[in-house]
Amino acid sequence: MIEPIRLRPLKEAARITQMLDHVLGGDRFDRGPVDVIGLALEYSRQVAPDSPIHEVVERNIPGCVGALVYGEARPRQWAIMYHLGQSEGRRSFTVGHEFAHYILHRQLIEEDGSFDGGIYCDENAVVRRGGSGIEQEADEFAAALLMPLHDFRRQQPANAKADFDVLSRLAKRYGVSLTAAILRWLEYTETRAIMVVSNEGFAHWAKPSSPALKSGRFIRTKNTVYELPSQAFAAKRDYSDSALTGITQQAGIWFPEPVHEMCFRSERYDQEITVLQFEADGPRSQAEEEETDVYDRFINSGQFPSR
């Protein structure tokens, strides 16, 4: 079997982002987020007219949040499915993730028998962005497409701390969940920050920014049980306005240094989102390869990418 050509997720997301900026204008997010369902349907018809995505539908797929599947007939007809009951913001990222699999991996999915008619993605791979391999690539593509860093950074500078007002506004701007917006911010912020997702006084998972991780500030949740500090808002089940605004917890409660803690409760998903931000600046992280690198090269050179 011929090895499928592996496309680079950030480059492909930048290609589509630049196309959308060119057609809709650089201020398009002032008018609304990416219509990712419409984009998936129309773009697939343009790039693969014989084998497009023909529908994006809600289905009961227990244990998964999304899937990219294909029919038996050739040429293949594809469909994106998202699990029942997702919020509009969570659905948007799920569809973006599955659209990424179509753009980046459809040849692999079709030709590798282990996929058995499609790829099914669980919460860890999509919501928590904790997957590896092609799941990580799909997350990178979806985040870059829905929340381009060249726009995100204009809204929230890398050296600025965030609060839930700012993060909620960003989630609305890009049509994604609050969780997705916070994860995107954590990818580039130069501040030391950690997001903790919890329930019943225990952390389900946590994600640090790169500067926080480099300074030794992180929370282990894999293969271990992390009990929240008794003074934490989520542990006290305090979801008041004070929790949303936050307070500075003294050294020794979360970490051996003070940390600003704020907490939001999601009744829909029965979980709390806690954001911890450290007062002192940590080491500045080396920028990773980002879609803006590709995007900026196109803009600076005055060139438009071609397939």
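The values are calculated or read from the model by the stated rules, or taken from the named source; none is laboratory data. Here the structure is a predicted model, which means the values were calculated and not measured. Virtual Cβ from ideal backbone geometry, glycine too; neighbours counted across all protein chains shown.
When D21 is tested against (1) in a helix (DSSP H, G or I); (2) out of contact with any helix residue (DSSP H, G or I) (no Cβ under 8 Å at 6 or more places or on another chain), just one condition goes unmet, and that condition is (2). Here S92 passes the criteria (1) among the polar types (S, T, N, Q); (2) free of Cβ contacts under 8 Å to residues at least 60 places away in the same chain; (3) closer than 14 Å to L145 by Cβ except the one numbered (2).
Farther than 19 Å from A142 by Cα and either modelled with pLDDT of 95 or more or touching a strand residue (DSSP E or B) at 6+ places or on another chain (Cβ under 6 Å) (or both): does that describe L84? Yes: the conditions hold for L84.
The residues in the range 26-53 that are touching a residue at least 24 places away in the same chain (Cβ under 8 Å) and either part of a helix (DSSP H, G or I) or not assigned by TED's automatic domain parsing to the domain that holds A138 (or both) can be counted, and the count is 8. The residue that is farthest from R90 (Cα to Cα), counting only those in the range 46-67 that are among the hydrophobic types (A, V, I, L, M, F, W, C) and crowded, with 17+ Cβ neighbours inside 10 Å, is I53.
Looking at (1) touching a Gly at 6+ places or on another chain (Cβ under 7 Å); (2) under 16 Å from R129 (Cβ atoms); (3) aromatic (F, W, Y), can you tell me which one F93 breaks? Unmet for F93, out of (1) touching a Gly at 6+ places or on another chain (Cβ under 7 Å); (2) under 16 Å from R129 (Cβ atoms); (3) aromatic (F, W, Y): (1). Taking the condition hydrophobic (A, V, I, L, M, F, W, C), modelled with pLDDT under 95 and outside any loop (DSSP other than H, G, I, E, B), does L108 pass? It is true that L108 is hydrophobic (A, V, I, L, M, F, W, C), modelled with pLDDT under 95 and outside any loop (DSSP other than H, G, I, E, B).
Consider the range 124-144 and keep the residues that are assigned to a helix (DSSP H, G or I) and surrounded by fewer than 17 Cβ atoms within 10 Å (Cβ to Cβ). The one that is modelled with the highest pLDDT is Q136. Summed over the range 131-142, the residues that are within 19 Å of T221 (Cα to Cα) and in contact with an Asp or Glu (Cβ under 9 Å, 6 or more places away or on another chain) give a count of 1. If you go through the range 232-252 and pick out every residue that is surrounded by 15 or more Cβ atoms within 10 Å (Cβ to Cβ) and assigned to a loop (DSSP other than H, G, I, E, B), you end up with 3. For residues that are assigned to a loop (DSSP other than H, G, I, E, B) and surrounded by 15 or more Cβ atoms within 10 Å (Cβ to Cβ), scanning just the range 258-284, find the one that is modelled with the highest pLDDT. Selected residue: P258.
What about V56, is it in a strand (DSSP E or B), farther than 21 Å from V176 by Cα and modelled with pLDDT of 95 or more? No; evaluated as a whole, the condition is false for this residue.
When the test is whether a residue is modelled with pLDDT of 95 or more, over 13 Å from A193 (Cα atoms) and hydrophobic (A, V, I, L, M, F, W, C), A287 does not pass it. Can you find even one residue in the range 189-209 that is in contact (Cβ under 8 Å) with a residue 40 or more places away in the chain and assigned to a helix (DSSP H, G or I)? No, every residue in the range 189-209 fails to be in contact (Cβ under 8 Å) with a residue 40 or more places away in the chain and assigned to a helix (DSSP H, G or I). Among residues of the range 257-274 that are under 14 Å from A243 (Cα atoms), those with a beta-carbon under 7 Å from a residue that is of a type in the set (S, T, Y) and not in a loop (DSSP other than H, G, I, E, B) at least six positions away or on a different chain give the pairs H260/T248; E261/T274; M262/T245; C263/T274; E272/S198; I273/T179; I273/S266; T274/S198.
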